[in-house]
6 protein chains.
Amino acid sequence: MKNFLNIQEVDAHCDVPCGIYDPITAQVAALSVIRMVDLMEGLEKDSSLSYKNSIVRYVGLKESECEKVKHEIRIIWGDFIKPPMVEKYPHIHSLVHNIMALGSFNRQHVSKEKAVELLEAVNEFAEIFWALKDVKTKKVKAHYPPNNEIVVPA
Amino acid sequence: MKNFLNIQEVDAHCDVPCGIYDPITAQVAALSVIRMVDLMEGLEKDSSLSYKNSIVRYVGLKESECEKVKHEIRIIWGDFIKPPMVEKYPHIHSLVHNIMALGSFNRQHVSKEKAVELLEAVNEFAEIFWALKDVKTKKVKAHYPPNNEIVVPA
Amino acid sequence: MKNFLNIQEVDAHCDVPCGIYDPITAQVAALSVIRMVDLMEGLEKDSSLSYKNSIVRYVGLKESECEKVKHEIRIIWGDFIKPPMVEKYPHIHSLVHNIMALGSFNRQHVSKEKAVELLEAVNEFAEIFWALKDVKTKKVKAHYPPNNEIVVPA
Amino acid sequence: MKNFLNIQEVDAHCDVPCGIYDPITAQVAALSVIRMVDLMEGLEKDSSLSYKNSIVRYVGLKESECEKVKHEIRIIWGDFIKPPMVEKYPHIHSLVHNIMALGSFNRQHVSKEKAVELLEAVNEFAEIFWALKDVKTKKVKAHYPPNNEIVVPA
Amino acid sequence: MKNFLNIQEVDAHCDVPCGIYDPITAQVAALSVIRMVDLMEGLEKDSSLSYKNSIVRYVGLKESECEKVKHEIRIIWGDFIKPPMVEKYPHIHSLVHNIMALGSFNRQHVSKEKAVELLEAVNEFAEIFWALKDVKTKKVKAHYPPNNEIVVPA
Amino acid sequence: MKNFLNIQEVDAHCDVPCGIYDPITAQVAALSVIRMVDLMEGLEKDSSLSYKNSIVRYVGLKESECEKVKHEIRIIWGDFIKPPMVEKYPHIHSLVHNIMALGSFNRQHVSKEKAVELLEAVNEFAEIFWALKDVKTKKVKAHYPPNNEIVVPA
């Protein structure tokens, strides 16, 4: 298997088809995972249809938001991150691998601690992403519950 | 048909299931529509498979990004905007209706002018959205092509 | 932001790409929402896997049928309804906005009353739609449970 | 492999989960396939981006409408049609098999004749479907282009 | 309605667009249905969020795997199987019809016996498929739980 | 960011929710990418609707098959591959990263050479996957065009 670098050489003048990458979608999705855990833990348990309806929906949303985190990060990692960037941030592969694992863990479990850990890993990825684009970042509290901090352009 | 307000009264203590709304997804999608038009107009026409491959892909992406704009705005409009807010911003219905029309227009045509108009309409919606949440906004140039301005929390 | 009407002037000779709109899909979906509520309320509660399996499926189907109602109505409203039609039926914006709200309410709750209200709002939309096309309508009982009345061409 | 009939015996008291089947969705989709062929054949060929944009979109819509026909018919055939009904209409299997083949043919080609044939096969299926439910049918011209006749409850 | 055979005559030189059909996807999905039933039956019932989270996910996965079985078999049956093959294996229509019914039964119930029956029906279909391509088959135990036997090329 | 290993320790008794992973889906998808390139290159260029219809469909299928390769490999990599396995095959991260890049390259271009390279990379991944499960493999020619070799359990 050839190294993908020689593709890059041929293709250096041509950017990816779109060039629009923004980790914010993954960050909002990670916030939603935390929110779903908060909502599930905040529900008063009873045997009503209403309770069951909410549980099924929150689990379903947690599933799709976890999946969105993984999908969005995979796209940026696979399409934007090139081998020379990996040399600069050699742990980016294991960071992304860990985001995948945390995404799956949060699908399989209901854990505030691990949901926050997922957001933190995605924030760390966002920091590297913006640094690679020479864009300064800051931490801001999200304007909606759960109001955790996210890393955005300054 | 009863007015939906009486639902709100019954439900005033309960937030929407998630409360996480952010027009940024629609704004990034609108930027992508502009980008697709730029890429299509920038391609040198020839009869190669490579050219055809690019055209099909750009049209396909333009389709799905236009749809994403419409879908995201519909969600915020339908779930977050309540009748009392409509009283405060009475033209919001026609603004959203116009975003739908512009979204379809941009699917049916390849027009830089109308793609920019779509982004501007979405920015106007974002301004109202953040004002309703008492969040100050600013205009920033997007950190990726086509680099148009978007309205984000200050 | 320019008024979308000037697009219409340029485009008056050209219909939307397809011209095939039919509210029947939204009406069948609204019937399905009622049906899901009936099935959920008709289930005998027990702790069996079979019971849980049914609840999860009915909630899931209720979710997707509510979403289908909202998606289909959004398409007809956004693509078929033009500003001059809004002048003729000025409450159509708030009717559609209400369908969105009712669609979400029915996702969040299990309520026969509100599910029927959703169908009625969709029927009202269908009546306007067919009137705009100069097609006479009638009310017929659906040929499948829950057998509520729907508005269809006479 | 056991015959599925003994499942039916165990399950005779329980209807399918929903009981809402209506071939109208497949019929509207088949009309859309014809419409796409008409639009494609009606386009004036040139080398503009606008022309290419339309072609890609019409092919894409033809694809998804053909798929919708096949998917909807498969659901009704697989879930509503039971072995005793097959005894009553022994050619229903080959009719459905033919709809699948016609659906694929219309994806692979641009042919008005074969698109109409697809609609006719779906109409024939609708006729059997309503007869099995003891619902009388009539043929009506669709209220939108291409205005072909469809079989609906009388 | 014309017989589809005359399409075949016109089209004899042209294969289906891709020619890549493999029942393995449906077989893996059928194995997953069995696996989901095993997991659901193996869970210790309690009132924890963790238990509910798992149940919702297993039911959801069972749904989508059943659907995948039906969708994949429909594609091969509808696109690869031609009328002359039906003459050779006249029961293939009722076999496929039964797979559809078993797929739906397994969505509606939690039954190891019926899940295994679904896999067996899919294996029988795979056997016919490979025989039609003159490829010899063997039965092998799957390399992952639930480790049931599947029919694959020898 | 904590190491994900401590999750594994807590979770050692519990497998991933399903345990059914099989690279064959990604391998079949990679074969389909090659097939699409072959079909595109084999088409005689003309200005007919039939030609355009085929091109749009082949590009569309190439898109979705490339995406399927990336999605399936991401799932196995993210869910099945654990840190201790990475120690055993330290280049697996860059192999997967390369599959992502090759998947995107094949979406953006029409290149037999690169399509074959994608299949080879997926085969290399399959070899590692089966080795990690102590399953011996062999190379077999696929039973359908393009008939390239794939790595499967012996």
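Quick look at the numbers
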| quantity | calculated |
| --- | --- |
| The one condition in (1) under 16 Å from D:Q27 (Cβ atoms); (2) open to solvent by 10 Å² or more (accessible area, probe 1.4 Å) that D:D134 fails to fulfil | (1) |
| Yes/no for E:V37 being modelled with pLDDT of 95 or more, β-branched (V, I, T) and in a helix (DSSP H, G or I) | yes |
| Restricting the range F:46-67 to residues that are assigned to a helix (DSSP H, G or I) and of a type in the set (D, E, K, R), the residue that is least open to solvent (accessible area, probe 1.4 Å) | F:K62 |
| Condition check for E:I55: at pLDDT 95 or above and either facing chain D (nearest Cβ under 10 Å) or touching a strand residue (DSSP E or B) at 6+ places or on another chain (Cβ under 9 Å) (or both) | no |
| Residue among D:V86, D:V110 that alone is over 16 Å from the mean Cα position of the chain (by Cα), farther than 17 Å from E:D79 by Cβ and without any contact (Cβ under 8 Å) to a residue 24 or more places away in the chain | D:V86 |
| The one condition in (1) among the basic types (K, R); (2) open to solvent by 20 Å² or more (accessible area, probe 1.4 Å); (3) assigned to a helix (DSSP H, G or I) that E:K70 fails to fulfil | (2) |
| Any hit, the range B:24-39, residues being out of contact with any strand residue (DSSP E or B) (no Cβ under 9 Å at 6 or more places or on another chain) and open to solvent by 40 Å² or more (accessible area, probe 1.4 Å) | yes |
| Yes/no for A:P84 being assigned to a helix (DSSP H, G or I) and open to solvent by 40 Å² or more (accessible area, probe 1.4 Å) | yes |
| Residue in the range A:137-154 that is farthest from A:R35 (Cα to Cα), counting only those that are open to solvent by 30 Å² or more (accessible area, probe 1.4 Å) and among the aliphatic types (A, V, I, L, M) | A:A154 |
| Among (1) in contact with a Gly (Cβ under 9 Å, 6 or more places away or on another chain); (2) more than 7 Å from every other protein chain (Cβ to nearest Cβ), the one test that E:Y144 misses | (2) |
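Per-residue answers, yes or no, for (1) under 16 Å from the mean Cα position of the chain (by Cα); (2) among the basic types (K, R); (3) at pLDDT below 95:
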| site | (1), (2), (3) |
| --- | --- |
| F:C66 | yes, no, no |
| F:R74 | yes, yes, no |
| F:H91 | no, no, no |
| F:F105 | yes, no, no |
| F:L132 | no, no, no |
| F:N148 | yes, no, no |
| F:A154 | no, no, yes |
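One line per residue, one yes/no per condition, for (1) in a helix (DSSP H, G or I); (2) facing another protein chain (nearest Cβ under 7 Å); (3) among the small types (G, A, S):
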{"site": "B:H93", "(1), (2), (3)": "yes, yes, no"}
{"site": "B:V96", "(1), (2), (3)": "yes, no, no"}
{"site": "B:S104", "(1), (2), (3)": "yes, yes, yes"}
{"site": "B:V110", "(1), (2), (3)": "no, yes, no"}
{"site": "B:E113", "(1), (2), (3)": "yes, no, no"}
{"site": "B:N123", "(1), (2), (3)": "yes, no, no"}
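The values are calculated or read from the model by the stated rules, or taken from the named source; none is laboratory data. Not measured: the values here are computed from a predicted model. Heads up, the Cβs are rebuilt from the backbone with ideal geometry, glycines too, and the neighbour counts pull from every protein chain shown. Side chains are part of the model used for accessible areas, which takes the heavy atoms of the whole protein and leaves out ligands, DNA and RNA. Shrake-Rupley method; radii C 1.70, N 1.55, O 1.52, S 1.80 Å.
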